Amino acid sequence: MTDRLMLLDSASLYFRAFYGVPEKVTAPDGSPINAVRGFLDIIAKLVSTYRPTHLVACWDDDWRPQWRVDLIPSYKTHRVVEAVAAGPDVEEVPDPLERQVPLIREALGLLGVVIVGAAEHEADDVIGTLATDAGMPVDIVTGDRDLFQLIDDEADVRVVYTARGMSNLEVLTDSSVQSKYGIRAAQYVDYAVLRGDASDGLPGVAGIGEKTAATLLAAHGDLAGIIAAAERGEGMGASAQAKVQAGADYLAVAPTVVKVVRDLPLDVPDTALAPLTADARGAAASFTAQWGLGSAFDRAATAIADVSATA
């Protein structure tokens, strides 16, 4: 069996789990447990379907890094519920979900799934670093289109895209991005910069939407080529030229915000999947009994054991 690394955009998945499983799913003491249950079922499905030999839950140690905010102050501003003087701002997270995040981390630990984060960086940056020169094929599981920039057919880096739900997963390669957006995956950063992204507080270039962005990239290759053409007044209409020139200050900083970091100095333990140890089985029995998660945890553990047996 060929080694394959799976990288989870953890926050994307636990938000999906929380909203995908009814809140009436509770622990024996009445505590909400729907996000944990859903997250375990997501792991079971992903491992069973794509059969990774290595798995990492990538974490937002800082979901809104100050260095990105310094460049674009509107970056994720609409998600902030409390500004913190020292440390990451507090993100708007439903209280029933926030209480479950520590339990998700505990469940991952019991399953032997490595959790990796990095100070002052988002999970996207951890994913970018681990996906680069991984030495094996990589599947990135996310609902975030920004991670399309990491797709690389030559290196066998794919995105398992969750936007349509866990029952309608899409495996995206460079050809699928080309088909969907009319651009290559390597052009996705420039494409996102041009059109903007309201979900991240990125304004984009005023008046340039997805179609125009794709057309400009097809004609000029990349953002540098577009800016150079606008400065020369060649190869684009007067309207597009004016819009690109008007957005010059934004275009000077936005690529750094959108581009994921690929060279973090991460200290990552062995990420290979393995069956639960005897100690882990004992701790898992106590954990699942307390929270009423026996069947969901068992599905995830069984999927991991099955893949481990054939690795």
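The values are calculated or read from the model by the stated rules, or taken from the named source; none is laboratory data. Computed from a prediction, not measured in an experiment: that's the story for all the values here. Don't worry about glycine lacking a Cβ; one is built from the backbone with ideal geometry, like all the others, and counts go over all protein chains shown.
Brief remarks follow.
- Qualifying helices (runs of 4 or more DSSP H) (wholly inside region 140-225; at least 2 residues being within 21 Å of Gly128 (Cβ to Cβ)): 174-181, 188-195
- Being touching a residue at least 60 places away in the same chain (Cβ under 8 Å), outside the structural domain of Ala131 (by TED's automatic domain parsing) and under 20 Å from Arg145 (Cα atoms) holds for only one residue in Ala254, Ala198, Ala213, Ala218, and it is Ala254.
Residue-by-condition table, conditions (1) within 23 Å of His54 (Cα to Cα); (2) surrounded by fewer than 14 Cβ atoms within 10 Å (Cβ to Cβ); (3) outside the structural domain of Glu210 (by TED's automatic domain parsing); (4) acidic (Asp, Glu):
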{"position": "Gly135", "(1), (2), (3), (4)": "yes, yes, yes, no"}
{"position": "Leu147", "(1), (2), (3), (4)": "yes, no, yes, no"}
{"position": "Val157", "(1), (2), (3), (4)": "yes, no, yes, no"}
{"position": "Arg164", "(1), (2), (3), (4)": "no, yes, yes, no"}
{"position": "Glu170", "(1), (2), (3), (4)": "yes, yes, yes, yes"}
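- Residues of region 257-308 satisfying the condition of being without any contact (Cβ under 8 Å) to a residue 24 or more places away in the chain and not β-branched (Val, Ile, Thr): Pro265, Asp267, Ala278, Asp279, Arg281, Gly282, Ala285, Ser286, Ala289, Gly294, Ser295, Asp298
- Within region 68-120, the set of residues being in a loop (DSSP other than H, G, I, E, B) and of a type in the set (Ser, Thr, Tyr) comprises Ser74, Tyr75.
- Options Val260, Val253, Val205; residue that is touching an Asp or Glu at 6+ places or on another chain (Cβ under 7 Å), within 30 Å of Glu91 (Cα to Cα) and aliphatic (A, V, I, L, M): Val260
- Of the criteria (1) within 20 Å of Leu273 (Cβ to Cβ); (2) part of a loop (DSSP other than H, G, I, E, B), which one Arg64 fails: (1)
- Failed criterion for Ile208 (all others in (1) touching a Ser or Thr at 6+ places or on another chain (Cβ under 9 Å); (2) not assigned by TED's automatic domain parsing to the domain that holds Ala123 hold): (1)
- Residue within region 203-224 that is crowded, with 20+ Cβ neighbours inside 10 Å, over 17 Å from the mean Cα position of the chain (by Cα) and among the acidic types (Asp, Glu) present: no
- Residue selected from region 31-61 under the condition among the small types (Gly, Ala, Ser) and not in a strand (DSSP E or B), by the criterion surrounded by the most Cβ atoms within 10 Å (Cβ to Cβ): Ala35
- Verdict on Ala57 being in contact with a strand residue (DSSP E or B) (Cβ under 7 Å, 6 or more places away or on another chain) and under 25 Å from Ser199 (Cβ atoms): yes
- Qualifying residue in region 277-285 (condition: in contact with a Ser or Thr (Cβ under 9 Å, 6 or more places away or on another chain) and not assigned by TED's automatic domain parsing to the domain that holds Asp197): no
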